[in-house]
Amino acid sequence: MNNVNLIGRMTRDAEIRYTATTNKMVAAFTLAVDKRNEGTNFFNCEAWGKTAEIIQKYTAKGRQIAVYGELDNDVYESNGKNVTRTKIVVREVTLLGKREDKTENVDFTQETAVDNVPVFGDDDDLPF
């Protein structure tokens, strides 16, 4: 099982790009997560599609967010050597607070981000 849950602050505004073949949006950003005792870890993150749109629209440098996703490794060659870069592929994002530390908890998952897709709470709400 490959699951990652992190809460931290964005170190920069998300870098937005689009894939060449399918024109799908990709948001790349770095998340600073405080360690339990001292110091900070920095994680490279990448979100796709609707999740990337939410990150572009509602986040900025310094914004506290929670991300849920999975670890992924990019392997490429640089100067004749293989380089491995680990990143978090973000599946869901939750906006936790504004940069001014006002508490605004908004949960955006891929299911709720898509227009006209019902989200059902329990089995009694299911249409079948």
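The values are calculated or read from the model by the stated rules, or taken from the named source; none is laboratory data. The structure presented is a predicted model; accordingly, all values stated were derived computationally and were not measured. Note: ideal-geometry Cβ built from the backbone for every residue, glycine included; neighbour counts use all protein chains shown.
So, Thr30, is that one in contact (Cβ under 8 Å) with a residue 60 or more places away in the chain and under 17 Å from Met10 (Cβ atoms) or not?
Numbers: in contact (Cβ under 8 Å) with a residue 60 or more places away in the chain: no; under 17 Å from Met10 (Cβ atoms): yes.
Answer is no for this residue.
Looking only at residues in the range 73-96 that are polar (S, T, N, Q) and more than 13 Å from the chain's Cα centre (by Cα), which one is modelled with the lowest pLDDT?
Restricting attention to the range 73-96, the residues satisfying the condition of being polar (S, T, N, Q) are 73, 78-79, 82, 84, 86, 94.
Narrowing further to those that are more than 13 Å from the chain's Cα centre (by Cα): 73, 78-79, 82, 84, 86.
Numbers: Asn73: 93, Ser78: 88, Asn79: 91, Asn82: 92, Thr84: 92, Thr86: 93.
This residue is Ser78.
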Is there a residue in the range 58-79 that is assigned to a helix (DSSP H, G or I) and in contact with a strand residue (DSSP E or B) (Cβ under 9 Å, 6 or more places away or on another chain)? yes
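Answer yes or no as to whether Ile16 is within 13 Å of the chain's Cα centre (by Cα), of a type outside the set (Ser, Thr, Tyr) and part of a helix (DSSP H, G or I).
No.
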Residue count, the range 38-82 (criterion: touching a residue at least 24 places away in the same chain (Cβ under 8 Å), basic (Lys, Arg) and surrounded by fewer than 17 Cβ atoms within 10 Å (Cβ to Cβ)): 1
The one condition Thr22 fails out of (1) touching a residue at least 60 places away in the same chain (Cβ under 8 Å); (2) surrounded by fewer than 10 Cβ atoms within 10 Å (Cβ to Cβ); (3) more than 18 Å from Thr86 (Cβ to Cβ) is (1)
Would you check which residues across the range 1-26 are of a type in the set (A, V, I, L, M) and more than 15 Å from Tyr68 (Cβ to Cβ) and list them? Met10, Ala14, Ile16, Ala20, Met25, Val26
